[in-house]
Structure formats: C-alpha cells, structure tokens
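So the structure is just underneath, and the comments pick up after that.
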Amino acid sequence: MSLTPAAWLQTESFVANVDGQDFVFTLTVNPYGEVLEIRNNFLDLPPAAQSLLVGSKTAAIRRKLKQIQSIIPFYVPLATLGYSSGEEWAGIGEKIRLHQQEIPPEELPPFEDLLRDDWVKQLYRLHEKGEKKLLENLSLLIDHKKDNRWVFFRMFNESPCPLAEPVLHCLYPMESDREVRVEIIDGISILKNERSRRFLCKELSRKKNASLYRPLLHGLAGYKHDKIRLQLLKLYQEDRETIVNDYHDYFIRALLPYSGPEVELIMKEALNGPHAYSGLYAFNFFRERGADPDVMAGKLHEQLRRKESAQHVLSALHVLKSLDNEAYLPTSEELVNLFLWNSSAEGSNQLQWQLKEVLRNCVEEIHFTQLEPMLGDPDPEIRIAALDFFEMGQGKEFMQIVKLLEDPDDRVKKRALRNIQEMSHRFRAPQALDPLVRMWEQVGPEFQEDIMSTLASILENAPRKRTLPFLMEHLRHPKPAVRRSIARALAHFQSPEIYPAIQQLLRDNDQYVQEYAQKAMISFQAPERGKEILEDLKALPKDQVLNEFVKLNFADELTKKAVWECFDYVVDLLEADYMDLAATVLARIMKQDYVK
C-alpha cells in the first residue's frame, strides 16, 4: 500500500463552538479527503492545562470535543465528493477538490491504492456506482438538522446501508434529542451484527436509559445470544417494576428465544398476567416447547373467571381470541357475564370493545331479553353499557335503543344516537325517523348536529317522503354541519320538490354543503339522464354496446352515475352473468388507457 507524498497532503482547519468557547481542529487530509491526522488546540494540552483553561467544565468539554473529533473522518470525504449540506464542510470539500486537480492525473494513484480507511474506500465505490441518492441521505444523517435526519432514517429503514453503521455509533453519544436517539437505536438494530448486539446490551445496562428500553428491547428481539439472556434476566431483577408497568410486551418478546428455569418462570407470569401481547407471546413460547394448548387455554379461562382486573381479563381474552380456534373461546353466556361485570365495575373501554367484537360472532345465541332491565337501571353508566350491548342486535333490540332517545341523561341520549346511526348501516331503520324528529323538538341545540347526521344515515337506506318537510324547514340552519347532513339526505330522494332545496344548498357559503348538494343534484338528475343514455345504447349495434358503456364511465360525474341505470339492459342484451359482466366492466374502467 503506497504512502501519500508529503506534497499531496493538505491542512484544513475547523472551528467548533462548545459551551460558548471556540476550539480549533486542524486536519491533515490526502487528495481524496481521507483524514490522516486530527489535532485540537484543547485536547492536545495536558489535563492540568485543560483544567486551568475551563475549570469545572473540563470533563464535559473534553467529552464533547472527542465526540466531534470522532465524526470528522466521516464529514470530510463526504464533503470532498460534494455530499454536504453544511456550508463550512462544503467549503472544505471544495478546497480539497481544487488541490486534487493540481496533481497531474497520471501521478495520482486510484483511490483503491491510496486510501487506507475501508469506510472511505466503500464511500468512493458507491460514488463510482452512481449511488448518489444514498450518499446524499448519508450526509443528511451527519447534518445536525433534525428534519434532515428523518429523511435518512426513512430511507435507511427501507434499505439498510452498512456504511451508515459507524456513523450511527459516533452520533449516538452526541445526540441529546430522545426521538433522534430512538431512531439511531432502531437503525443500529436493523444491521443485526455483533457490534450492534454489544451496543444494545451496553445501553440496556445503563440505569439512566429507562426511557429507551422500548427501542433497545425491540432491537434485541432479533438476536439469540446467551449474553443477551443474562442481560435481560439481570434487568428484570434490578428494574422489574419499570419493565412490568411500561415495557413488558417488548421484554417478553426479547426473551422468547431463550430457555431455562428463570425464563420459564417469567413466561408463566406473563401467560396469566395483565399484558395482552405478553400473554400471547408466552402462550406460543410454551406451545413451541411442547406444552398442551388445551391445558394452557384452561388456565386462561380460570383467569377470566377470577376477574382479578379488567386488564387481566382483557389479556386472557386477547390470547384466546388470537388462537383461531373457536373451541377456546368463552361461551356466549360467559361473555355476557364478563360484559356486565366490566360495565358495573370500573371497567376498561378496550375490554368492552373486545367483548363486543367476540359477541358479534355469536349474537344469535344471546338472550337480549334477560338484559333489558339494564336499560332502565338508575345508573346512567349501566344504561350506556346496555346500549352498547344492544347495538349488536337487530330490529327488536334497535327499538329498545330508540326508546332511550328520551332518556333524562344527556350522555345516554348521545350514545343512543351514535348506536342508532351505526345500526342503520346494517339494516333499514325507518322506525327511528319519527322519534328523531320528536327528539329535535324536545332537546337543545347541542344535539341537533347528531340528530340530523343520524337522520341522513337512516334515509340513505330507507328514504321516506314524510321527512322532507322537516328537512326543508332547516335548510337555513345556522350550523354548517346540520346543512351538510340535509344535503347528504336529499341525495336519496327523487321527488320534484327537492330540486329548489338542492339549488339553494348549491349556493350555500359552506364549501362542504356545496359539495354534498352537488352530489344530491347528480343523484336527482341521474335517472332522467339514464333514460337518455339507454335510448342511445339501444340504437347501437350489439357489438358496440359494451365499449360505449365503458367509455361513458369516463365522462362527467352525472353521466358516470347515470350510465349504471342502464346496467340491467346491458346484461340482458349481452346475455351475460351479472357478476361476470360487472367484473369485466370494472376491469376495463380501471385501465385508464382503454379510452382513446
């Protein structure tokens, strides 16, 4: 390996401000920007002289200057190749390039022969391959601007580059922003090598790093090494409360590859503990090691019956639900009892949601009549829980919810409105229209937006002309949200009397009211326009009908809606299966270049 002739060496200076004081770094570089030597006017002094200059700040300043010194060898070659967003480093890179140009090309060896540092060699190789975007992103990592670093991290997560690893290790101790430190940890973890393992273990052992347990444990989950197992067990012993309360799922996932009595004890606690994902990890841990799933499921059912806390019940239910085996799920009666227990205690909204999700799959087995007394319970919280339960039902249960629109508690009325709106998406519910209109007349303005929105949802599947006078009466309501719901509702009517109302809403001063009114106008005009299109299609030869039908789907919004009024005719004409023809038409519509 050849040495760089002294005449080719270049000296550059860089000033760093640390704690309000300037310190000078003097760099010796070769023509390719490789840093051969770094001197500093403070670090080169004996410790006693350093203390005389800055006193009690000596250790802190020395540490920061050494951190800066460690990153300089990455800055300079990047800047030499033109990848630097910092003005000062870009200037240094320009000087090095000018100096390189003064050397006769025939005398300057290729970078592979002159460079001694493998990292700088890799940098030049990537540059020669045209990986400019990657190197630009690498320079953003070194840049101290936080927004620029996010650009790098997004790129790195999609396509990890080993060249960034030593830079990440240098930047980590220099960074005080926790969010950036988390991204650096995640970046180092992706590389999955021995150096990153040692880094993660070392950082996990620092007691002051509790706020970084999540990314550190997440990173260690990708390894299997006995030193990691020992580190994790030690951490659990020394900081168990923090792990259990805040990072249990991440800890258990990192512990999964290991075995032994201590590990199994922790996993048993996790299986029957209050952490849902930890419980599932533990279940799979034991199943992979030969444990009987039926026995473990039985223990989880015991946990459900104990009802130690809402979180314990939620964890057991989550594990049982995740096993994709209906035989492991609680019976509908057990689920209902858990639902009632969670409603009457200081329960968990998350558990209530999980219970409803499971109950929806066995709604036919639920005896809602047994739960009707809950709807009249003196406690409004119990009535709200009952509303949520009855929302899983059908017509009969729907009417029970409608009755609670007259509940004396505003919270109950609000929940009843929400549930009626949700149920109206599943089936026609015109029986709620008159009670909603009556409710409008009885309650204050704070309910009006919800009432009109619920009316619009019901009218979507069950338009009834008797509601039109009520809608027309409130076209000038002061709240834009109410007028938007009216415009949305009018889109489902074809009565001539709605035309002036739509015209009025098209002139509304609210942009969204106008947009809904435009959709209503298109819906109103579509049938008539459809008749015109149908006549045109009937006049075409049979082999041209399908092409014309597809082309019309790229016309204006009115034509696109109206053309589907003719779909039955196209089906009959072509003697096609309805679904097959629909699939053919939609496939052609998706292919935009079909239309010439």
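The values are calculated or read from the model by the stated rules, or taken from the named source; none is laboratory data. Owing to the predicted nature of the structure, the values given are computational and were not obtained by experimental measurement. Reconstructed Cβ throughout: ideal geometry from the backbone, glycine too, with neighbour counts over all protein chains shown. Protein only, heavy atoms only, side chains kept; ligands, DNA and RNA dropped before computing areas. Shrake-Rupley method; radii C 1.70, N 1.55, O 1.52, S 1.80 Å.
Scanning the stretch 493-514 for residues that are charged (D, E, K, R) and free of Cβ contacts under 8 Å to residues at least 24 places away in the same chain turns up just one, R507.
Scanning the stretch 82-100 for residues that are of a type in the set (A, V, I, L, M, F, W, C) and open to solvent by 30 Å² or more (accessible area, probe 1.4 Å), we see that the one that is modelled with the highest pLDDT is L98.
The helices (runs of 4 or more DSSP H) found wholly in the stretch 101-209 and carrying at least 1 residues that are open to solvent by 30 Å² or more (accessible area, probe 1.4 Å) and either among the aromatic types (F, W, Y) or in contact with a Phe, Trp or Tyr (Cβ under 9 Å, 6 or more places away or on another chain) (or both) occupy 111-114, 118-128, 132-142, 146-158, 165-171, 178-190.
The set of residues in the stretch 532-554 that are open to solvent by 40 Å² or more (accessible area, probe 1.4 Å) and either part of a loop (DSSP other than H, G, I, E, B) or among the hydroxyl-bearing types (S, T, Y) (or both) comprises A539, L540, P541, F554. Pairing residues of the stretch 183-212 that are at positive phi with residues that are open to solvent by less than 60 Å² (accessible area, probe 1.4 Å), at Cβ distances under 6 Å and at least 6 apart in sequence or on separate chains, gives K192/G222. Selection of the stretch 481-522 for residues being among the basic types (K, R) and within 19 Å of S457 (Cα to Cα) yields R483, R484, R488, K519. Among the residues of the stretch 287-300, not a single one is surrounded by 18 or more Cβ atoms within 10 Å (Cβ to Cβ) and of a type outside the set (A, V, I, L, M).
Criterion first (under 25 Å from the mean Cα position of the chain (by Cα), farther than 30 Å from Q354 by Cα and of a type in the set (D, E, K, R)) does E183 satisfy it? Against the criterion (under 25 Å from the mean Cα position of the chain (by Cα), farther than 30 Å from Q354 by Cα and of a type in the set (D, E, K, R)), E183 qualifies.
Each residue in the stretch 382-425 was checked for being within 22 Å of R360 (Cβ to Cβ) and of a type in the set (D, E), and 4 pass. Please find, within the stretch 435-491, the residue that is surrounded by the most Cβ atoms within 10 Å (Cβ to Cβ) out of those that are assigned to a helix (DSSP H, G or I) and of a type in the set (G, A, S). Among those residues, the one meeting the criterion is A487. Filtering the stretch 210-257 to residues that are within 17 Å of G273 (Cβ to Cβ) and among the small types (G, A, S) leaves only A254.
Looking only at the stretch 2-48, which residues are on the phi > 0 side of the Ramachandran plot and open to solvent by 60 Å² or more (accessible area, probe 1.4 Å)? Answer for the stretch 2-48, where residues must be on the phi > 0 side of the Ramachandran plot and open to solvent by 60 Å² or more (accessible area, probe 1.4 Å): D19, G20.
Conditions tested, residue by residue: (1) under 24 Å from I458 (Cα atoms); (2) touching a residue at least 12 places away in the same chain (Cβ under 8 Å); (3) out of contact with any helix residue (DSSP H, G or I) (no Cβ under 8 Å at 6 or more places or on another chain); (4) buried (at least 19 other Cβ atoms within 10 Å of the Cβ).
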| position | (1), (2), (3), (4) |
| --- | --- |
| K356 | yes, yes, no, no |
| T369 | no, no, yes, no |
| K396 | yes, yes, no, no |
| V402 | yes, yes, no, yes |
| D409 | yes, yes, no, no |
| R415 | yes, yes, no, yes |
| N419 | yes, yes, no, yes |
| E422 | yes, yes, yes, no |
| P430 | yes, yes, no, no |
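If I filter the stretch 307-317 for residues that are touching a Gly at 6+ places or on another chain (Cβ under 6 Å) and either at pLDDT 95 or above or of a type in the set (S, T, Y) (or both), do I get at least one hit?
Scanning the stretch 307-317 turns up at least one residue that is touching a Gly at 6+ places or on another chain (Cβ under 6 Å) and either at pLDDT 95 or above or of a type in the set (S, T, Y) (or both).
Within the stretch 450-467, residues that are on the phi > 0 side of the Ramachandran plot and in contact (Cβ under 8 Å) with a residue 60 or more places away in the chain reach no partner that is open to solvent by 10 Å² or more (accessible area, probe 1.4 Å) and not in a helix (DSSP H, G or I) with beta carbons closer than 6 Å at six or more positions or on different chains. Taking the stretch 242-299, which residues are outside any helix (DSSP H, G or I) and over 20 Å from L323 (Cβ atoms)? Passing the criteria: Y247, P257, Y258, S259, G260.
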